[in-house]
1. Could you give the dipole magnitude of the range 99-178 about its Cα centre, charging the beta-carbon of Lys and Arg +1 and that of Asp and Glu -1, in debye to the nearest 20?
2. Tell me the carbon and sulfur percent of the accessible area for the range 16-75, rounded to whole percent, probe radius 1.4 Å.
3. With a 10 Å radius around each residue's Cβ, average the other Cβ atoms per peptide and rank 15-23, 105-113, highest first.
4. Treat every Asp and Glu Cβ in the range 1-131 as -1 and every Lys and Arg Cβ as +1, leave all other atoms uncharged, and give the resulting dipole magnitude about the Cα centre to the nearest 20 debye.
5. Only bridges whose two residues both fall in the range 73-137 count here: according to DSSP, what percent of them are antiparallel, nearest 5?
6. Just from the alpha-carbon atoms, what are the Rg and Dmax of the range 1-50 in angstroms?
7. Let me check against my output: what whole-number percent is the relative contact order of the range 5-117, with C-alpha pairs under 8 Å and at least 6 apart?
8. Considering the dipole of the chain built from charges on the beta carbon (Lys and Arg +1, Asp and Glu -1) around the Cα centre, which of Trp43, Leu23, Thr151 is farthest to its positive end?
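The values are calculated or read from the model by the stated rules, or taken from the named source; none is laboratory data. Nothing here was measured: the structure is a model prediction, and the numbers come from that model. Using ideal geometry, Cβ is built from the backbone for each residue, glycine included, and neighbour counts are taken over all protein chains shown. Just the protein is used for accessible areas: all its heavy atoms, side chains included, with ligands, DNA and RNA removed. Shrake-Rupley method; radii C 1.70, N 1.55, O 1.52, S 1.80 Å.
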Amino acid sequence: MSDDPVILRPVAEDDLPVLEQFLTDPEAAGTFQWMGWSDPGRWRRRWEQDGLLGDDGGRLMVDGGAGRLGVVAWRKVVTSRSSYHWNVGAQLLPGCRGRGVGTKAQRLLVHYLFAHTPVVRLEADTETENIAEQRALEKSGFVREGVLRSTLFRGGQWRDVVRYSVLRDDIVPDEPLEQFGPGSGQSA
């Protein structure tokens, strides 16, 4: 894993072109994240509404010593009238993949969401063929739960995904909390 610093921070207006790139550039999105062209203006509209941080989910920039590395995201999954959990994900720029950045970013997101929301469960899904993401999730403390058949449509065909989860009780309480942005304490 790279020794480069990795932090999470709120999305700033000048970060929006990076997010837009994931919707308009197949190479930037990567094989497993490219779902076809999409409206890049949606990020600006949402950012103007709530800074990409809302009650039903959000996005934080993954940043490092060399600048922007990608983005992490979470969305609410309602399981009953009185309970929910988060489904999480990460997307990195091409030059940042394969260096341990995704593992660090996901670990940061786990700590952030457990520190600032009452959920007891986080889950993540990735295609069965995305071995690198499966390794990153496992290194981040996620446990493989099983395969969901024909769940994701990409590239003209239905694909199976692997479901992972991490529970609040799975996290070691004395594990050092990672950084959430320069000078921000842990208030990203």
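1. Values: 12 positive and 13 negative charges, 49 e Å.
In total the dipole reaches around 240 debye.
2. In the range 16-75, the share of accessible area belonging to carbon and sulfur is 48 percent.
3. 105-113, 15-23
4. Working: 15 positive and 18 negative charges, 83 e Å.
Rounded to the nearest 20 debye, it is 400 debye.
5. Of those bridges, close to 80 percent are antiparallel.
6. 13.0, 36
7. Value for the range 5-117: 26 percent.
8. Thr151
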